[in-house]
Number of protein chains: 2
Amino acid sequence: MPARWSPAGPGAAETDEGGRIVTDVTLREVARASGCSVATVSRVLAGTRPVGAETARRVREAAEELGYRPNQVARALRSRSTGTIGLVLPQITNPFFPSLVREVEHALHAEGRAVLLADCDDDPEVEAARIADLLDRQVDALLVIAADGKRSRDAVERAAAHVPLVLLDRVCGPGVADSVATDNATGMALVLDHLVTTGRRRICFAGAAGTGSAAVERLAAYEAEAGALLPHGSGRVELGDFSLEWGRTAVDRILPSRPDAIVCANDLLAIGVLQRLRQLGVDVPGDVAVTGFDDIPMMDLADPALTTVRQPVRALAAEAVHLLGHRLAGRNDGPRRSVRLAPELVVRASSAPSALRAPRGASSAPRAPRVPSVSSAEDTGSTRTPEVEQ
Amino acid sequence: MPARWSPAGPGAAETDEGGRIVTDVTLREVARASGCSVATVSRVLAGTRPVGAETARRVREAAEELGYRPNQVARALRSRSTGTIGLVLPQITNPFFPSLVREVEHALHAEGRAVLLADCDDDPEVEAARIADLLDRQVDALLVIAADGKRSRDAVERAAAHVPLVLLDRVCGPGVADSVATDNATGMALVLDHLVTTGRRRICFAGAAGTGSAAVERLAAYEAEAGALLPHGSGRVELGDFSLEWGRTAVDRILPSRPDAIVCANDLLAIGVLQRLRQLGVDVPGDVAVTGFDDIPMMDLADPALTTVRQPVRALAAEAVHLLGHRLAGRNDGPRRSVRLAPELVVRASSAPSALRAPRGASSAPRAPRVPSVSSAEDTGSTRTPEVEQ
DNA sequence: ATAGTGTGGGAAAACGTTCTCCAAAAATCT
DNA sequence: AGATTTTTGGAGAACGTTTTCCCACACTAT
């Protein structure tokens with residue numbers, strides 16, 4: 001080891017014969033190289049206190065020369081802040097989440113924070129364990145997409161006692177923590193409004209039976225809206241889970257009641273419905289309109305393209321991060337905030353009025369024009385442009 | 001602050017009136033409560049050295065009582081290991097990645113490690129910055145899905161000098177770092193073999209022009225295989241990018257040469273191809289067969305369902321983590337390993353032989369039976385070929 | 001002159017672990 | 001019995017920062 005005491009020569013980082021960096025440069029070494037104390041170097045580099053111009057220059061020079069990079073772990077230990085946020089989610093493979101993760105990651109990175117990712121496999125037990133692990137790792141805060149409305153609650157509540165915590169996309173119980181989610185009621189209202197406006201009257205619902213907030217709220221909203229809008233009240237309701245398979249079976253149960261529209265609580269479910277309907281020779285949207293919820297990627301290329309409710313993903317992420325920032329800045333107290341963001345209706349072929357429907361065949365599939373969002377709270381809205389193909 | 005010096009009463013964690021935990025329990029407090037030294041407590045809890053039975057019991061009891069949780073940051077500082085792995089990827093919204101991320105995350109968590117996620121927006125500059133940030137955060141190792149075969153290289157190489165680094169799914173240059181990827185050549189061979197076997201002869205290729213390893217290797221494999229298998233050598237080749245849009249345009253360029261099959265370098269691209277073909281009234285698979293690559297989610301519900309090459313996602317993740325473990329355990333040297341895992345052909349409707357094709361209409365969409373993978377070398381799925389790119 | 005008032009800089013104490021020494025006690029060997 | 005080795009436990013030094021003191025010096029205002 002010859003390079004150990006090299007006096008700040010222009011060799012920068014010290015390497016062994018294999019090219020691996022052997023010694024990480026520390027504050028001490030920068031101090032020695034620039035002829036001043038560790039404290040001074042820290043002050044110059046962190047800018048926490050003014051320091052003489054000449055000294056500052058020497059320090060910066062030495063740091064540059066040696067290729068100094070502050071050790072974030074040491075910094076974290078001393079300053080009690082890791083600059084790290086835990087992101088807990090049920091299943092990254094759920095096609096709705098990647099875009100949300102992306103937006104969250106970018107928003108946090110823009111603030112100089114990093115994201116510790118924890119995938120829970122849709123299991124609240126695992127979720128609790130992962131949360132505990134993240135806390136041990138001293139995350140500054142947690143962003144949680146709860147796996148289950150009921151069974152996630154305990155763990156979330158306990159965690160919220162330690163660090164700022166924001167529930168994202170799915171809430172669990174009132175007052176457990178800050179929360180940011182899509183306004184499911186508004187979304188469902190948009191759908192039903194659209195269907196009724198385009199002449200549908202026998203509107204059924206395929207949903208999920210779980211205790212997740214999406215399942216519960218969307219069902220409730222359907223029942224409320226349908227009860228108000230439709231002559232015979234709400235139509236047949238079938239509850240299973242959020243899967244494609246369930247979408248298929250739901251069709252068999254719903255079809256006997258001769259619906260002219262099937263509202264699905266979720267895009268995946270809607271795809272299953274679409275598949276089964278085609279299999280049975282039911283014409284969509286001629287005989288039955290189908291709608292989804294979420295606008296997961298590729299829904300514009302289902303056959304027919306799926307009318308659905310687009311969640312304001314970027315705005316959700318931004319708002320969640322904003323809330324976290326608020327808690328992190330001030331004292332972590334004050335009342336819980338619960339933010340709901342209005343989604344946007346995306347009308348595609350699967351709900352086109354029968355009159356406008358083109359004959360099935362070789363020619364281009366008909367696409368209804370996109371209607372503008374009825375209530376899109378902010379213009380920061382969505383980047384995704386399913387720029388309708390025609 | 002009354003609760004400060006409470007003598008290990010059964011109140012466990014100390015809370016203020018708001019329910020927030022004020023004081024995190026440290027080793028010192030456990031030591032005091034159990035009447036022994038910090039060192040001893042550490043030894044008991046970490047199990048680094050045998051300790052008297054009675055003392056151990058007292059310590060464990062006190063720790064339990066106080067709800068002690070080791071501070072991973074302090075531990076990391078001292079032991080120079082954070083138990084954290086950086087996962088760098090081009091775009092989490094690329095539908096191929098979520099499942100890979102999931103498998104990686106699970107595999108790492110099973111080893112008690114956590115994942116720091118960095119999404120680069122497909123930008124090598126951003127990628128370099130994110131890698132640097134992760135290194136500052138003292139990750140134990142890096143798992144990198146390179147954004148670009150060429151322009152990612154520098155940053156990757158520099159990073160590999162600091163920590164163990166495994167390139168995942170996309171390689172960049174030989175000998176830069178360990179790498180684990182799908183054997184694109186085998187995959188392409190499976191496709192062409194299948195097409196030729198089912199009677200296709202005028203097989204064209206829609207690919208990407210980039211320098212990413214997937215783009216390059218799949219093209220090369222197509223040309224090699226087609227040159228060998230087909231009477232007139234390989235067919236028309238069109239290169240753009242990996243997008244759906246390019247798939248659509250590629251069709252317009254390829255169609256004049258009257259192909260009976262279009263091999264796509266990627267599922268997204270294949271979907272675009274499918275869309276445009278349908279728009280133009282070309283029958284798939286009657287007139288033209290279409291194949292993809294990757295088997296991203298939902299490709300079974302495209303219309304027609306897409307024949308494609310399924311990457312061995314779980315095995316890729318497992319192997320990558322295994323390689324990391326190897327580097328982390330031993331000294332971080334020895335020759336670079338390059339592992340290629342054989343993919344699996346998934347035959348669906350889009351490449352059904354014309355004869356077997358069911359009439360378009362109401363009945364169930366035809367599904368060809370899945371053929372078994374032609375070459376899955378070992379049951380771990382691993383074709384361990386150090387250094388080889390055939 | 002003396003007392004105030006900044007200002008630039010260093011020494012050293014944290015932060016919560018792990019780990020290296022040492023010392024005492026206990027067990028084993030001559 | 002003494003001479004070893006083996007256990008068991010404590011004191012305290014790391015790890016690389018940030019931050020709190022405190023001192024020395026140069027001014028300015030009495």
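For (1) over 30 Å from A:GLN311 (Cβ atoms); (2) within 14 Å of chain B (Cβ to nearest Cβ); (3) of a type in the set (S, T, N, Q); (4) within 16 Å of DNA strand D (Cβ to nearest atom), each residue gets a yes or a no:
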position	(1), (2), (3), (4)
A:ARG43	yes, no, no, yes
A:ALA62	yes, no, no, yes
A:TYR68	yes, yes, no, yes
A:VAL88	no, yes, no, no
A:ILE92	no, yes, no, no
A:PRO95	no, yes, no, no
>> Please go through (1) facing chain B (nearest Cβ under 10 Å); (2) within 16 Å of DNA strand C (Cβ to nearest atom); (3) out of contact with any Ser or Thr (no Cβ under 6 Å at 6 or more places or on another chain) for A:ALA76 and return the number of the only condition it doesn't satisfy.
In response: (3)
> In segment A:326-352, which residues are part of a loop (DSSP other than H, G, I, E, B) and either polar (S, T, N, Q) or under 30 Å from A:THR291 (Cβ atoms) (or both)?
Replying inline: A:ASN332, A:ALA342, A:PRO343, A:VAL347, A:ARG348, A:ALA352
> Considering only segment A:109-133, how many residues are more than 10 Å from chain B (Cβ to nearest Cβ) and either in a helix (DSSP H, G or I) or of a type in the set (A, V, I, L, M) (or both)?
Replying inline: 6
>> If the requirement is being modelled with pLDDT under 50, away from every other protein chain (no Cβ under 14 Å) and touching a Ser or Thr at 6+ places or on another chain (Cβ under 8 Å), which of these qualifies: A:SER375, A:SER351?
In response: A:SER375
> Looking at segment A:134-161, which of its residues are in a loop (DSSP other than H, G, I, E, B), over 22 Å from B:VAL88 (Cα atoms) and within 12 Å of chain B (Cβ to nearest Cβ)?
Replying inline: A:ALA161
>> Given (1) within 14 Å of chain A (Cβ to nearest Cβ); (2) closer than 19 Å to B:ARG310 by Cα; (3) modelled with pLDDT under 95; (4) surrounded by fewer than 24 Cβ atoms within 10 Å (Cβ to Cβ), identify the lone condition not met by B:LEU268.
In response: (4)
> Can you tell me how many residues in segment A:36-78 are over 29 Å from B:THR84 (Cα atoms), under 42 Å from the mean Cα position of the chain (by Cα) and basic (Lys, Arg)?
Replying inline: 2
> Residue check: is B:GLU125 open to solvent by 10 Å² or more (accessible area, probe 1.4 Å), within 29 Å of B:GLY83 (Cα to Cα) and of a type outside the set (Ser, Thr, Tyr)?
Replying inline: yes
>> For segment B:76-91, which positions are among the hydrophobic types (A, V, I, L, M, F, W, C) and not in a helix (DSSP H, G or I)?
In response: B:ILE85, B:LEU87, B:VAL88, B:LEU89
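Go over the candidates A:VAL288, A:VAL263, A:VAL321 one by one and state the one that is crowded, with 24+ Cβ neighbours inside 10 Å and assigned by TED's automatic domain parsing to the domain that holds A:GLU105.
Details: A:VAL288 fails: assigned by TED's automatic domain parsing to the domain that holds A:GLU105; A:VAL263 fails: assigned by TED's automatic domain parsing to the domain that holds A:GLU105.
On inspection, the qualifying residue turns out to be A:VAL321.
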>> Can you say whether A:VAL73 is free of Cβ contacts under 8 Å to residues at least 40 places away in the same chain, among the hydrophobic types (A, V, I, L, M, F, W, C) and under 25 Å from B:ALA110 (Cα atoms), as far as the supplied structure shows?
In response: yes
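Is it the case that segment A:181-188 has a residue that's within 15 Å of A:ALA265 (Cα to Cα) and over 22 Å from the mean Cα position of the chain (by Cα)?
No, every residue in segment A:181-188 fails to be within 15 Å of A:ALA265 (Cα to Cα) and over 22 Å from the mean Cα position of the chain (by Cα).
Residues in segment A:111-131: is at least one within 16 Å of DNA strand C (Cβ to nearest atom) and out of contact with any Cys (no Cβ under 8 Å at 6 or more places or on another chain)?
No, segment A:111-131 contains no residue that is within 16 Å of DNA strand C (Cβ to nearest atom) and out of contact with any Cys (no Cβ under 8 Å at 6 or more places or on another chain).
The values are calculated or read from the model by the stated rules, or taken from the named source; none is laboratory data. Remember, it's a predicted structure, so these values are computed and weren't measured experimentally. Backbone-built Cβ (ideal geometry, glycine too); neighbour counts: all protein chains shown. Calculation scope for accessible area: heavy atoms of the full protein, side chains included, ligands and nucleic acids excluded. Shrake-Rupley method; radii C 1.70, N 1.55, O 1.52, S 1.80 Å.
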